[in-house]
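Report on one structure; see the data block that follows.
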Amino acid sequence: MAIRNIVQIGDDTLRKKSFEVTDFGEKTHQLLDDMKETLLKADGVGLAAPQVGVLRRIFIISYQGQYLECLNPEFIKKSGEQNGEEACLSVKGKYGGVKRPYKVKLKAQDRYGNEFVVSATGFLARAFCHEYDHLDGILYVDRAEYVKEN
Ligand code: ZN
């Protein structure tokens, strides 16, 4: 495993649309393991592949001591609304208020290509939306009602 560099706002990579994952082998597993180590060191909630310079539709979320790996994620359902604050490892030293759905249902593949469905509410739903946006080149600051310095 290795810690990868987290690219920062201003880098073009963060603004591109990521490509579908078609490789569920060693190279992707290595990327996922590196992303986990990178996320752990950065003490973050989630990390998307474009944040480490790889334009693939992959993100990971750390939740209650577990890592959830989502490859080729797609929202099946979004409902409700919540207001809250979020930050991003690619936008250092800031946080902002963003309106997100309260509840989401997401379909994705695991590192072996097996499909699964996951539902989330509140904080976790927010994390899914934030990470998913990265795969389309969107940052939370684009959606934020306000952005403040830490
Ligand atoms: Zn982010």
Legend entry - Test: residue in the stretch 64-76 that is among the aliphatic types (A, V, I, L, M), more than 12 Å from the chain's Cα centre (by Cα) and closer than 25 Å to residue 122 by Cα: yes
Legend entry - Among (1) free of Cβ contacts under 8 Å to residues at least 40 places away in the same chain; (2) within 16 Å of the ligand (Cβ to nearest atom), the one test that residue 55 misses: (1)
Legend entry - Failed criterion for residue 111 (all others in (1) in contact with a Ser or Thr (Cβ under 7 Å, 6 or more places away or on another chain); (2) under 24 Å from residue 15 (Cα atoms) hold): (2)
Legend entry - Tally of residues being crowded, with 20+ Cβ neighbours inside 10 Å and closer than 13 Å to residue 86 by Cβ across the stretch 114-131: 7
Inset, instruction - Can you tell me which residue among 69, 37, 20 is open to solvent by 40 Å² or more (accessible area, probe 1.4 Å), at pLDDT 95 or above and either among the β-branched types (Val, Ile, Thr) or under 16 Å from residue 133 (Cα atoms) (or both)? - result: 20
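The values are calculated or read from the model by the stated rules, or taken from the named source; none is laboratory data. Just so it is clear, the model here is predicted, and its values are computed rather than measured. Here the Cβ is made from the backbone with ideal geometry for all residues, glycine too, and neighbour counts use every protein chain on show. To get the accessible areas, we keep the full protein, side chains included, count just its heavy atoms, and leave off ligands, DNA and RNA. Shrake-Rupley method; radii C 1.70, N 1.55, O 1.52, S 1.80 Å.
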